[in-house]
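The values are calculated or read from the model by the stated rules, or taken from the named source; none is laboratory data. Treat the numbers as computed from the prediction; the structure is a model and nothing was measured. Please note: Cβ atoms are built from the backbone with ideal geometry, for glycine as well, and neighbour counts cover all protein chains shown.
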Amino acid sequence: MTSMTLTLFETFLPKRPASREPLRAFRHLGGLASADGSATPALETLYADLAGNDVGLVISGHAFVDPAGRLGLQQLGAHDDALVPSLAGLARAVHDAGGKFALQISTWGPECGG
């Protein structure tokens, strides 16, 4: 493994397969999760379709980490271990279609308990 040192604001382009040039990312704004915050089949399909159409990185809509910080009824959740299988399903759908997946987590600041 080679070592590298980057300076502040230096551009770094990771190695990636030539078929994914240029790297395209898509950030979903949300609205397709279940009432409990779990991913739906429609969300898996959307993300897989994006990855299968040369979107190299699919970034989820922001997932709440505390129910008090939830912003919408169909917002993706990351607040309970029971949601891990549905989140893993999103990642698997994107990976199976050849893309990468990032889960964006968020909170509604002072409205959350903690």
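Which ones in the stretch 27-51 are of a type in the set (S, T, Y) and not in a loop (DSSP other than H, G, I, E, B)? Scanning the stretch 27-51 gives T45, Y47.
Just one of (1) modelled with pLDDT under 70; (2) assigned to a loop (DSSP other than H, G, I, E, B) fails for S19. It is (2).
Screening R92 with (1) buried (at least 18 other Cβ atoms within 10 Å of the Cβ); (2) at pLDDT 95 or above; (3) more than 17 Å from L32 (Cα to Cα) gives one miss only, at (1). Kindly check whether there is at least one residue in the stretch 30-38 that is without any contact (Cβ under 8 Å) to a residue 12 or more places away in the chain and aliphatic (A, V, I, L, M). Looking through the stretch 30-38, none of the residues is without any contact (Cβ under 8 Å) to a residue 12 or more places away in the chain and aliphatic (A, V, I, L, M).
The set of residues in the stretch 41-96 that are under 14 Å from the mean Cα position of the chain (by Cα) and among the basic types (K, R) contains only R92. Residue count for the stretch 52-87 satisfying the condition of being closer than 17 Å to H28 by Cβ, assigned to a helix (DSSP H, G or I) and among the aliphatic types (A, V, I, L, M): 2.
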